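Step one of this worksheet: look at the structure below.
The values are calculated or read from the model by the stated rules, or taken from the named source; none is laboratory data. The model shown is predicted, which means the values in this text are computed figures rather than measured ones. Cβ atoms come from the backbone with ideal geometry, glycine included; neighbour counts cover every protein chain shown. Side chains are part of the model used for accessible areas, which takes the heavy atoms of the whole protein and leaves out ligands, DNA and RNA. Shrake-Rupley method; radii C 1.70, N 1.55, O 1.52, S 1.80 Å.
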Number of protein chains: 2
Amino acid sequence: MARNTYLTMKAPEEARELWFSRIAELCPCAALGEEEVPLQQALRRVLSRPVEALRSSPAFHGAAMDGVAVKAEATFTASARRPLSLEVGKDAFWINTGHPLPAGTNAVIKVEDLNVEDEGRSVVTEKAAFPWQHVRKLGEDMVATEIILAPGIEIGAYELGALAAAGVLRPAVFRRPKVAVIPSGSEIVSLDKAKEEDLRAGRVLPEFNSLVFSALIQEAGGVTETRPIVPDDPDAIRAAILAAAEDGADLIMMNAGSSAGSHDYTASVIRSLGELYVHGIAVMPGKPTALGIVRAGERMVPVIGTPGYPVSAIVAVEEFVLPLLALWQKRGLRHKEYMDVVPCNALPSRPGMEERIRVRLGMVGDTCYAVSLPRGAGTVTSLSRADAVIRVPRDCEGLDAGKPVQAELIRTREQIEGALLVIGSHDNTLDLIDSMLRRTHPRFRLTSAHVGSLGGLLALSRGQCHLAGCHLLDEGTGDYNRQAMRDHLKGVPSLLVHLADREQGFLVLPGNPKGITRFEDLLREDVSFINRQRGSGTRVLLDYELKARGMLPAKVRGYRDEEYTHMNVAAAVLSGRADCALGVRAAAAALGLDFVPVGVEQYDLVVAKAWADDERIQALLDVIRSSEFRKAVADMGGYDTRRSGEVLWEYDGD
Amino acid sequence: MARNTYLTMKAPEEARELWFSRIAELCPCAALGEEEVPLQQALRRVLSRPVEALRSSPAFHGAAMDGVAVKAEATFTASARRPLSLEVGKDAFWINTGHPLPAGTNAVIKVEDLNVEDEGRSVVTEKAAFPWQHVRKLGEDMVATEIILAPGIEIGAYELGALAAAGVLRPAVFRRPKVAVIPSGSEIVSLDKAKEEDLRAGRVLPEFNSLVFSALIQEAGGVTETRPIVPDDPDAIRAAILAAAEDGADLIMMNAGSSAGSHDYTASVIRSLGELYVHGIAVMPGKPTALGIVRAGERMVPVIGTPGYPVSAIVAVEEFVLPLLALWQKRGLRHKEYMDVVPCNALPSRPGMEERIRVRLGMVGDTCYAVSLPRGAGTVTSLSRADAVIRVPRDCEGLDAGKPVQAELIRTREQIEGALLVIGSHDNTLDLIDSMLRRTHPRFRLTSAHVGSLGGLLALSRGQCHLAGCHLLDEGTGDYNRQAMRDHLKGVPSLLVHLADREQGFLVLPGNPKGITRFEDLLREDVSFINRQRGSGTRVLLDYELKARGMLPAKVRGYRDEEYTHMNVAAAVLSGRADCALGVRAAAAALGLDFVPVGVEQYDLVVAKAWADDERIQALLDVIRSSEFRKAVADMGGYDTRRSGEVLWEYDGD
């Protein structure tokens, strides 16, 4: 097999500087031109030159009020004691707001200050008008030839008004950079051609990076053209790049094939067509990025090879493509907000590589806590779920839990401040609560992090979340959660709020082919199990049941194979990775698995009393207690919500 | 004449609450529906319901690296000392990233860790593979049926990726509210129909509020339909509103005619078609706003009558229309940023009315200073020039200069931090510097406020700006600016930087019909003058020249009639408001006036030494010293730029 390596790995800033300087030198055609667009299509375009007013505004002295236009000097004698009568059509002229003053007049007396007499032939005023009273003077807003807007300004609603008032109906704006996106990969199918049923059945792999790129590029002022998918073949890739260049692309993005695998041809194709400056950048995710310039006839066109995994691809786009578009359009990058956050968990990292870790955030009191999302480069939900990104610098081995760091915000501060942070056991009803909370209170949301019941209580005891989701069985009493609160929440007065009773049972393939009906079956040679992680309520339940039966965990095949959520153990069973898991009925129902009940457990929310009166907690309780919530949960199967929202216990922290 | 008054004036929040509650009650049809849209058109739409994954992602266990798929357990004996040979096609299967694992395998060994032997019939590994190594497991990202996105979420690039990965190709989103905009007014002409030459000549008044509304509404998630302009006639307005309602508008905006003038029919038409809840709101600008609901057949449709002046109209839109759209789409309003700012000037206000004052901002050291823009409701440039809005509450008579207040930001903090604040005399070259500065340094800008030369030095002495524009003649020495700096900048070490020498002269109508050639002509009975404000360099020059000739200012007709800029006195002459002004040649050239030179003066920038090394100041000096700048200034006429950028004097503040 051909071997391929990152021969020219560089730090991202260094890579960007190198590529940009070569582009500036070799691709003069990429220096953007300008074009005139009608105002109706000018929103969010960027002005390419100073805009001079073509007209004055107002273009004449005009009435600022409805009334009569007069020569002010002719009214100077008017007073309450000596009202002055003005002849309409000679000394006074009826006028409406916005209309030009008749010649010889220089003030307006408003209609409310007049008495009409003599069948409308005259008006009487008791006050002298001063010159230019209630008059909008010529050029008050702008004078023809004045510069009213500078180049580089993005045209928003207000600028449209200023341009129109200035008579500039076709402003000069920068041409939009044209970006050709070429998806590649023999295994992927275009979204346009993918059928929902094939997607559902897992028969096709949808290509969606181009859709994400297009959105990012469009919002950065560019236009994209997504070209047909190219197979993993160097000649086909070469032809596709040349065709895009000949069709006038300012920038070409190859998606996937930029890594150092045996079927990754992007870097070598770029080299064969021109110059390759960078292959590999020292940032994770994002590493497999290639930067170069290709020649197509007379044109030299910048090319970026972006990684195939969506999270890596995004980093490459944000690190190289968006800055290039900003540079070409002579505007700043989108403003980024930063916030000091405290990681709830340690964030280990590989020295020599910068790592970008996506996190969810929750403001607990004055501190903003961060919980990291799964780091897989293929985990697209880590993009849509993230509130912020934490960068772990190249020169360290990671960040410590509890030590403040700066995070780059993806959501607004307002959205972050509206979030309740729940840490602990995962249950599908938490997603439902989030959805309902947002519907009833658009400012609020429930941000959940899944670390198991015990992890949730520990986070709550450290003040790192508002509430915890918990289903911890006490082996002694058979009671749920109270003893665990006493053990782990010393000094943290809190409320135990019932969320739902839920069935636990074995998740098995439809028809239960292995005939698994009791815990003893887990010892069978032909049965493999998939476990939940330590500290999860389901793990406690399993251990409790094994111990009660005198069964050794080591004898359960797969006991050490762990997943973090009910849905993930269900998926493991569905895929044949294991024959059996312990989990909730809803997870089985969701994936069409069979469910063998082994008992009912109590899933509760533990709310720190410090937040019990917070309006977000109150809104959450309203949701849990609503009949809409109970019905939706009942529809999921395996839940009993009769006591949902009941405060089961007030723990004073002693 | 019919009299009309604001019978139902209300505070804006009270007005909004009343209107919204009546809309909720009477207009159920306005409760938004939902629709499914293809992903390709879903950017920035808002999800109307929880999104469940239709597929798991990955949909199978797949290779995360290029290499061979193996059963991990079969490799446990491999080590550097005992390399393990695996037969290709039996124990090991070549696989590319993203492809599904063959049945019976559960790990991938990457190509870099293999030696190929036996002509490719076997591969050798020196390391045991652990189960699930380099495998993306089924459902690792999302499991089918899981809720992956909540309702109310705005679809951005990342969400598009998550939706596609979840197999959701047509997400359910809220329908866009449809807003009908009806411009009215017998004097206005649609932008589509206005010709640039008619606009330039001031022959037509362009209608552009609908364009501004459309942009604001589009960016708030709505769609607008701008309907034909309606004349100021109650029957026509009535018919237009009914037609818009029948065409399915969710909201109707009448533009103009909502005031209490004699030709303002909107409020009474709304009352005649349904209910009028509010006429007049206690906020300036924005007062002439009417809120109601009309009946059209079976439909009840909310109507807002917005003021005709653009700045007032914007306030009405932001106060009522955008919040209604947000409410209907169940999303929050655009996040607003606030900053503490210090007004440089007092902001008087009328008690009983909230005032919203648009300001420009400059960060001078750690303090952000605010300079107010002209407050006229027709001043559309106050919209496009503003960096922020200061609200003066209803219950006070204004805000003091120098006392910090909160301002709502229009620009980003980054933009504000990149601005140099220049206060002082106005000169057209300042606008040119701003344009050039933005072109060379997209992060920087020059924000200028025009208060005359003396006002600029006083602001600089108070530390309220970075630099001042100044042309103050010393009567004793005939020298420029040095004495004024000694007089007013005690304790403020500063640099006097030459900007340009410029001609001053009389601005007169083309052909100089009144034959004005010398200062003595200003005493003539048939000559009227328009003056610059006190403290301006031009005013000092005039007073100097009058005094030198023993002429009494009171004898100059129009001496007390003041304007704040060269362009505005030029406009006054062009419009016939005055026969003559003293000003720079560029202003005359810009408006096609004749210019009678009376001398050359020195226009300088005074830079506080504290900022002399600031990179923004350095960038500004680079601009002033560039040949491009000199050429552009020369093209304006009347300037000598040979010494531009020279530091004329270093004043140590003693």
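Could you please find all residues in segment B:81-105 being part of a loop (DSSP other than H, G, I, E, B) and either modelled with pLDDT under 90 or not assigned by TED's automatic domain parsing to the domain that holds B:Glu126 (or both)? Outline the logic, then answer.
So the first thing to find is which residues in segment B:81-105 are part of a loop (DSSP other than H, G, I, E, B), and the list is B:81-83, B:89-91, B:96-99, B:101-105.
The answer is B:Asn96, B:Thr97, B:Gly98, B:His99, B:Ala103, B:Gly104.
Please go through segment B:532-561 and give me each residue that is within 14 Å of chain A (Cβ to nearest Cβ) and among the basic types (Lys, Arg), ordered by number.
Answer for segment B:532-561, where residues must be within 14 Å of chain A (Cβ to nearest Cβ) and among the basic types (Lys, Arg): B:Arg557, B:Arg560.
Keeping to segment B:14-32, report how many residues are touching a residue at least 40 places away in the same chain (Cβ under 8 Å) and either among the hydrophobic types (A, V, I, L, M, F, W, C) or not assigned by TED's automatic domain parsing to the domain that holds B:Tyr277 (or both). Let's see the steps before the verdict.
Step one: filter segment B:14-32 for residues touching a residue at least 40 places away in the same chain (Cβ under 8 Å), giving B:15-16, B:18-20, B:22-23, B:26-27, B:29-32.
With the extra rule that they be either among the hydrophobic types (A, V, I, L, M, F, W, C) or not assigned by TED's automatic domain parsing to the domain that holds B:Tyr277 (or both), the set shrinks to B:15, B:18-20, B:23, B:26-27, B:29-32.
So the count comes out to 11.
Which one of these is touching a Ser or Thr at 6+ places or on another chain (Cβ under 6 Å) and either among the basic types (Lys, Arg) or more than 30 Å from B:Ala588 (Cα to Cα) (or both): B:His441, B:His488, B:His426?
After applying the criteria, what remains is B:His488.
State whether the residues of segment A:227-237 include one that is in contact with a strand residue (DSSP E or B) (Cβ under 6 Å, 6 or more places away or on another chain) and within 27 Å of A:Ala326 (Cα to Cα).
Within segment A:227-237, one or more residues are in contact with a strand residue (DSSP E or B) (Cβ under 6 Å, 6 or more places away or on another chain) and within 27 Å of A:Ala326 (Cα to Cα).
Could you say which residue among A:Ser85, A:Ser122 is over 23 Å from B:Asp264 (Cβ atoms) and touching a Leu at 6+ places or on another chain (Cβ under 7 Å)? Walk me through it before giving the result.
Details: A:Ser85 fails: touching a Leu at 6+ places or on another chain (Cβ under 7 Å).
Within the list A:Ser85, A:Ser122, the selection yields A:Ser122.
Scan segment B:350-374 residue by residue and report those that are of a type in the set (D, E, K, R) and within 25 Å of B:His466 (Cβ to Cβ).
Of everything in segment B:350-374, those that are of a type in the set (D, E, K, R) and within 25 Å of B:His466 (Cβ to Cβ) turn out to be B:Arg358, B:Arg360, B:Asp366.
How many residues are at pLDDT 95 or above and either more than 7 Å from chain A (Cβ to nearest Cβ) or at positive phi (or both) when one looks only at segment B:158-167?
Selection size over segment B:158-167: 1.
Is there a residue being under 30 Å from B:Val143 (Cβ atoms), open to solvent by 60 Å² or more (accessible area, probe 1.4 Å) and among the polar types (S, T, N, Q) anywhere in segment A:267-274?
Within segment A:267-274, not a single residue is under 30 Å from B:Val143 (Cβ atoms), open to solvent by 60 Å² or more (accessible area, probe 1.4 Å) and among the polar types (S, T, N, Q).
What is the number of the single condition among (1) within 30 Å of A:Pro50 (Cβ to Cβ); (2) assigned by TED's automatic domain parsing to the domain that holds A:Ala313 that A:Pro151 does not meet?
(2)
Just one of the numbered conditions (1) assigned to a strand (DSSP E or B); (2) over 23 Å from B:Glu563 (Cβ atoms) is not true of A:Val108; which one?
(2)
Does segment A:395-431 hold any residues that are more than 18 Å from A:Gln464 (Cα to Cα), more than 17 Å from the chain's Cα centre (by Cα) and open to solvent by 50 Å² or more (accessible area, probe 1.4 Å), and which are they?
A:Asp395, A:Glu397
Output the residue which, of all residues in segment B:194-213 that are modelled with pLDDT of 80 or more and in a loop (DSSP other than H, G, I, E, B), is farthest from the other protein chains (Cβ to nearest Cβ).
B:Lys195
Would you pick out the residues in segment A:297-310 that are open to solvent by less than 10 Å² (accessible area, probe 1.4 Å) and either of a type outside the set (S, T, N, Q) or away from chain B (no Cβ under 14 Å) (or both)? Talk me through it step by step, then tell me what you get.
Looking only at segment A:297-310, we keep the residues that are open to solvent by less than 10 Å² (accessible area, probe 1.4 Å), and these are A:301-307.
Those that are open to solvent by less than 10 Å² (accessible area, probe 1.4 Å) and either of a type outside the set (S, T, N, Q) or away from chain B (no Cβ under 14 Å) (or both): A:Val301, A:Pro302, A:Val303, A:Ile304, A:Gly305, A:Pro307.
Provide a single number: the residues in segment B:165-184 that are in a strand (DSSP E or B), closer than 27 Å to A:Leu383 by Cβ and open to solvent by less than 10 Å² (accessible area, probe 1.4 Å).
Qualifying residue count for the region: 1.
For segment A:380-390, which positions are at pLDDT below 95 and either away from chain B (no Cβ under 14 Å) or within 18 Å of A:Met353 (Cβ to Cβ) (or both)?
Scanning segment A:380-390 gives a single hit, A:Ser382.
Take the residues in segment A:129-157 that are more than 10 Å from chain B (Cβ to nearest Cβ) and either of a type in the set (Ser, Thr, Tyr) or assigned to a loop (DSSP other than H, G, I, E, B) (or both), then tell me which one is surrounded by the most Cβ atoms within 10 Å (Cβ to Cβ).
Across segment A:129-157, the extreme among qualifying residues is A:Ala129.
Considering every residue within segment B:543-559, establish whether at least one is surrounded by 16 or more Cβ atoms within 10 Å (Cβ to Cβ), in a loop (DSSP other than H, G, I, E, B) and either touching a residue at least 60 places away in the same chain (Cβ under 8 Å) or charged (D, E, K, R) (or both).
yes
Working carefully through the options B:Gly452, B:Gly463, B:Gly456, find the one that is within 18 Å of B:Met567 (Cα to Cα) and away from chain A (no Cβ under 14 Å).
Of B:Gly452, B:Gly463, B:Gly456, the one residue that is within 18 Å of B:Met567 (Cα to Cα) and away from chain A (no Cβ under 14 Å) is B:Gly452.
Tally time: how many residues in segment B:61-80 are free of Cβ contacts under 8 Å to residues at least 60 places away in the same chain, not in a strand (DSSP E or B) and not hydroxyl-bearing (Ser, Thr, Tyr)?
Going through segment B:61-80 one residue at a time, the tally reaches 7.
Among the residues in segment A:524-538, are any at pLDDT below 95, touching a strand residue (DSSP E or B) at 6+ places or on another chain (Cβ under 6 Å) and in a helix (DSSP H, G or I)?
Among the residues of segment A:524-538, at least one is at pLDDT below 95, touching a strand residue (DSSP E or B) at 6+ places or on another chain (Cβ under 6 Å) and in a helix (DSSP H, G or I), which makes the answer yes.
Could you list, in sequence order, the residues of segment A:231-260 that are of a type in the set (A, V, I, L, M, F, W, C), under 13 Å from A:Gly308 (Cα atoms) and not in a loop (DSSP other than H, G, I, E, B)?
Hits for segment A:231-260 are A:Met253, A:Met254.
Restricting attention to segment B:562-591, which residues are more than 9 Å from chain A (Cβ to nearest Cβ) and either acidic (Asp, Glu) or open to solvent by 10 Å² or more (accessible area, probe 1.4 Å) (or both)?
B:Glu562, B:Tyr564, B:Asp579, B:Arg585
Can you find a residue that is outside any loop (DSSP other than H, G, I, E, B), touching a residue at least 12 places away in the same chain (Cβ under 8 Å), under 15 Å from A:Arg518 (Cβ atoms) and not aliphatic (A, V, I, L, M) anywhere in segment A:575-590?
Looking for residues that are outside any loop (DSSP other than H, G, I, E, B), touching a residue at least 12 places away in the same chain (Cβ under 8 Å), under 15 Å from A:Arg518 (Cβ atoms) and not aliphatic (A, V, I, L, M), one finds at least one in segment A:575-590, hence yes.
Select, from A:Glu34, A:Glu126, A:Glu87, A:Glu112, the only residue that is within 13 Å of chain B (Cβ to nearest Cβ), surrounded by fewer than 17 Cβ atoms within 10 Å (Cβ to Cβ) and more than 48 Å from the chain's Cα centre (by Cα).
Matching residue, one of A:Glu34, A:Glu126, A:Glu87, A:Glu112: A:Glu112.
Considering only residues that are loosely packed, with under 15 Cβ neighbours inside 10 Å and closer than 30 Å to B:Lys330 by Cα, which ones fall in segment B:185-240?
Listed by number, the list holds a single entry, B:Val223.
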